[in-house]
Amino acid sequence: MYEPKIVAYACTYCSYPGADLAGTSRIKYSPNVNIIRVLCSGRVSPELILRTFREGADGVLVLGCHFGDCHFINGNHRTAKRIPVLKGILEFSGIEPERLRLEWVSASEGERFAHLVDEFTETIRQLPSIKQVIR
Amino acid sequence: MVSVGQHENIEILSYSEVEEVSGFVGNFKVRVRKKARYVDEELCTGCGLCQEKCPAKGISSEFEAGMGTRKAIYIPFPQAVPRVPVIDTENCIWFQRGRCGACQKLCPRGAVDFEQEDEIVELEVGTIIVATGFDLFDCSRTTQYGYGRCDNVLDSMQFERLAHASGPTGGRIVLKDGREPEAVAILHCIGSRDENYNRYCSRVCCMYSLKLAHLIKDATKAQVYQFYIDMRAFGKGYEEFYERLQKEGVVFIRGKAAEVVPHDGRLLVKAEDANLGRLVQIPVDMVVLSAGLEPRHDAAEVAHIFGLSRSADGFFLEKHPKLAPVETASDGVFIAGTCQGPKDIPDTVAQAGAAAVVALAMMDKGKVTLEPFIAQVDEERCSGCGECVLACPYKAIELVEGKAQVSETLCKGCGTCVGHCLPKAITLPHFTDEQLVAEMQGALMELEVA
């Protein structure tokens, strides 16, 4: 049994405050996730995600605002287009596409954030460690 | 409105639409389509003779909420500023059949011009205030209350016209057959606080329902029933008004009405009285549906033109709910009134004042403070593919001589272009690849889960 390492990229205006709310509401969630703040989920480039896997992350969460809610009008639309393509590339390279997930979390969805993180951690736990996949 | 129309520094472009906004704070260029109203604003004195003589009668009036009629040439409502009529080309005999022209012949000033065309006006402005208002919830979307099916089931706007001295009945509150109602039910929360339509509270309906009840009590001997979920009398003096209505003998039933059915020539309102914990059926003569407020049907389009974001309920999103309530994600564009969310008149006036002051203060200062997050282009690496131009939500990037150039005032630093740039020519200070990678490496290193 191993403990997966997960990196979450969360946008400043929705998902990061959402995670914050989970914290201030004292909702417990899996400690396997470390959150990195970006201004907008649109900032998360495919290269950055691939690099994150290479550096040893077992799973990557990209969290942005719900459609229409984005502080940056439609930065999240770009993310939404990008991630499915990247998943295809991951699959092609032999990395399970489930390791990457894009979700929309608003600033008021602390509970959803916690639930999501727990569930994602469980999904990743079922997969082998990334070290066995990338050599 | 009249004093606004007369103010030397205010120009009103009525019957016009903004088609495009370009530029940035302090230097906006706005393209406005001034639609042809077929009446010359300069010549028209607003005498209303054309409206009187127009033979195209019986067109359902928007202002009377369908309860009155208007002509094909009409002044939209009595207090309209400017007081200039417009021709409804769909119903105008001249536009449909090529003859008539009564208004043109009879106009003492010769102001009617069938040849008028849409005019494009280019404006240069420093700041913009968007105050586009709301749409009333369309009660025909609900089927259980008999709206549009049963006589004497009105929405609040129709009732408002009925009760108004200048309305279709001259202010007499009467049923369709001309009788005075003996009992009236006012149904709250139609289209608000309802998972089927809108989950939010429209805020104004409780109070205007109380006002309508007061009007009924004032003008008739009818018994008034209010079916409510919660009474939200939140403002200054509102609770006192609620108490006054209770003293006037209005019956308050806590429970949203479930159904309205015709019964013995009257209407039967079925509801659960939550305070008594039992079902009630109350026969009334008239039902008024307190319709909620919705974002305008074209809010998505307007948001796109002005670069606004919208909240989940569809209203325009302010920059910060407490600290920047009239600012938006686009610098120099402000919002006021119900386009930002349902609110009553005092709140709208306060917000409009705030928006005007913030907009003026910004222009008075003459300069703007920028956030430090502005995308930077490494010209040597830039291949000029233009992906970033397409990606930028603010249209802040353009290609100049084959290289991307970021407008410092337009860029908000979201970094979408960075995520899109294949040759990695764009960086975002404070969120550079190196910084994020270092952060990520740190995150992965520290992680020691027991």
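I'd like the per residue volume of the convex hull spanned by the Cα atoms of the stretch A:6-133, given in cubic angstrom. Provide the component values of the computation, followed by the final result.
Numbers: hull volume 10.8 nm³, N = 128.
Taking the convex hull of the Cα positions in the stretch A:6-133, it is 84 Å³ per residue.
Taking the Cβ-Cβ separation of B:A324 and A:H115 as r and a Förster radius of 30 Å, what is the calculated FRET efficiency to the nearest 0.05?
Efficiency at R0 = 30 Å is approximately 0.45.
Before anything else, pin down the relative contact order of the stretch A:6-133: Cα pairs under 8 Å, at least 6 apart, normalised by residue count, whole percent. Kindly include the intermediate steps, with their values, before the conclusion.
Numbers: 212 pairs, mean separation 48.4, N = 128.
Result for the stretch A:6-133 is 38 percent.
Modelled label-to-label distance, B:C385 and A:V133, 7 Å Cα→beta-carbon offset: nm?
So the label points at B:C385 and A:V133 sit 2.5 nm apart.
Dipole magnitude of the protein assembly as shown about its Cα centre, charges +1 at Lys/Arg Cβ and -1 at Asp/Glu Cβ only, in debye to the nearest 20?
Working: 65 positive and 79 negative charges, 199 e Å.
For the protein assembly as shown, the charge dipole is close to 960 debye.
Mind checking the stretch B:1-47 for GluC sites (Glu not before Pro) that DSSP puts in a loop (not H, G, I, E or B) and that have at most 16 other Cβ atoms within 10 Å?
Those satisfying the criteria are B:E8, B:E11, B:E41, B:E42.
What is the extension gain from B:A258 to B:F114, computed as 0.36 nm multiplied by their sequence separation minus the C-alpha to C-alpha distance, in nm to one decimal?
Numbers: separation 144, 0.36 × 144 = 51.84 nm, distance 5.10 nm.
This chain segment gains 46.7 nm when fully extended.
Once you've got the GNM for chain B with C-alpha springs shorter than 10 Å, pick whichever of B:A354, B:A219, B:A312 has the biggest mean-square fluctuation.
Fluctuation is largest for B:A312.
Work from the charge dipole of the protein assembly as shown (Cβ charges, +1 for Lys and Arg, -1 for Asp and Glu, about the Cα centre) and give the residue of A:V85, A:C11, A:G23 farthest towards its positive end.
Of the listed residues, the answer is A:G23.
State the antiparallel share, in %, of DSSP beta bridges confined to the stretch B:129-369, rounding to the nearest 5. Spell out each step's value before the answer.
Details: 19 of 38 bridges.
DSSP beta bridges in the stretch B:129-369 are roughly 50 percent antiparallel.
Please state the relative contact order of chain B as a whole percent: Cα pairs under 8 Å, 6+ residues apart?
With pairs under 8 Å counted, the relative contact order is 13 percent.
Let's test the formula: R0 of 25 Å, r as the Cβ-Cβ distance of B:H430 and B:K395. What FRET efficiency results, to the nearest 0.05? Don't skip to the answer; put the middle values down first.
Working: r = 23 Å, r/R0 = 0.90.
Calculated value: 0.65.
Given Cβ point charges of +1 (Lys, Arg) and -1 (Asp, Glu) and nothing else, what value in debye, to the nearest 20, does the dipole of the stretch B:1-102 about its Cα centre take?
On the way: 13 positive and 13 negative charges, 80 e Å.
Result for the stretch B:1-102 is approximately 380 debye, rounded to the nearest 20.
If you line up the long axis of helix B:205-219 against the longest principal axis of chain B, both from Cα atoms, how many degrees apart are they, to the nearest 10?
With rounding to tens, the tilt is 20 degrees.
Taking 0.36 nm per residue of sequence separation and subtracting the Cα-Cα distance, how much length would be gained by fully extending the chain between B:K367 and B:N275, in nm to one decimal?
On the way: separation 92, 0.36 × 92 = 33.12 nm, distance 5.89 nm.
In short, 27.2 nm is gained.
Need the full-extension length gain, B:E11 to B:T89, defined as separation in residues times 0.36 nm minus the C-alpha distance. One decimal, nm. Don't skip to the end; give the middle numbers.
Details: separation 78, 0.36 × 78 = 28.08 nm, distance 2.62 nm.
The span from B:E11 to B:T89 would gain 25.5 nm if fully extended.
Which translational diffusion coefficient, to the nearest whole µm²/s, is obtained for the protein assembly as shown from the Stokes-Einstein equation, given a Kirkwood hydrodynamic radius over C-alpha pairs, 10 °C and 1.306 mPa s?
Values: Rh = 28.2 Å.
Using the Kirkwood radius from Cα pairs, D works out to 56 µm²/s.
Could you give the semi-axes, largest first, of the ellipsoid that matches the stretch B:308-450, computed as the square roots of 5 times the alpha carbon gyration tensor eigenvalues and rounded to whole Å? The partial results should precede the final answer.
Working: eigenvalues 244, 100, 39 Å².
Value: 35, 22, 14 Å, ordered largest first.
Are there trypsin sites (Lys or Arg not before Pro) in the stretch B:207-267 that DSSP marks as loop and that have at most 10 other Cβ atoms within 10 Å, and which are they? Mind dumping the intermediate values first?
On the way: sites: B:K211, B:K217, B:K221, B:R232, B:K236, B:R244, B:K247, B:R254, B:K256, B:R266; in loops: B:K221, B:R232, B:K236, B:K256.
Answer in residue order: B:K221, B:K236.
Say a paramagnetic label sat at a point 7 Å from the Cα of A:E98, along Cα to Cβ; which residues of the stretch A:5-21 have their backbone N under 19 Å from it?
Those under the cut-off are A:5-8.
Any idea what the dipole of the stretch B:129-369 comes to, in debye rounded to 20, about its Cα centre with Lys/Arg Cβ at +1 and Asp/Glu Cβ at -1?
Using only the charged Cβ atoms, the result is roughly 260 debye.
What FRET efficiency comes out for B:L49 versus B:H164 if R0 is 30 angstrom and r is the Cβ-Cβ distance? Round to the nearest 0.05. Write out the running numbers ahead of the final one.
Working: r = 25 Å, r/R0 = 0.83.
It comes out at approximately 0.75.
Name the residue from B:S330, B:V437, B:S407 whose Cα lies farthest towards the positive end of the charge dipole of the stretch B:312-450, charges +1 on Cβ of Lys and Arg and -1 on Cβ of Asp and Glu.
Sorting the options by dipole projection puts first B:S330.
Separation between the B:D313 and B:L123 pseudo-spin-labels, each 7 Å from Cα along Cα→Cβ, expressed in nm?
2.8 nm
So which trypsin sites (Lys or Arg not before Pro) in the stretch B:363-450 end up in coil per DSSP with only 10 or fewer other C-beta atoms within 10 Å? Could the numbers behind the result be given before it?
On the way: sites: B:K365, B:K367, B:R381, B:K395, B:K403, B:K412, B:K424; in loops: B:K367, B:R381, B:K395, B:K412, B:K424.
Those that pass, being in a loop and sparsely packed, are B:K367.
Where a number appears in this text, it was derived from the coordinates with a stated rule and is not lab data. Small disclaimer: the values here were computed from a predicted structure and weren't measured. We place every Cβ from the backbone using ideal geometry, glycine too, and count neighbours over all the protein chains shown.
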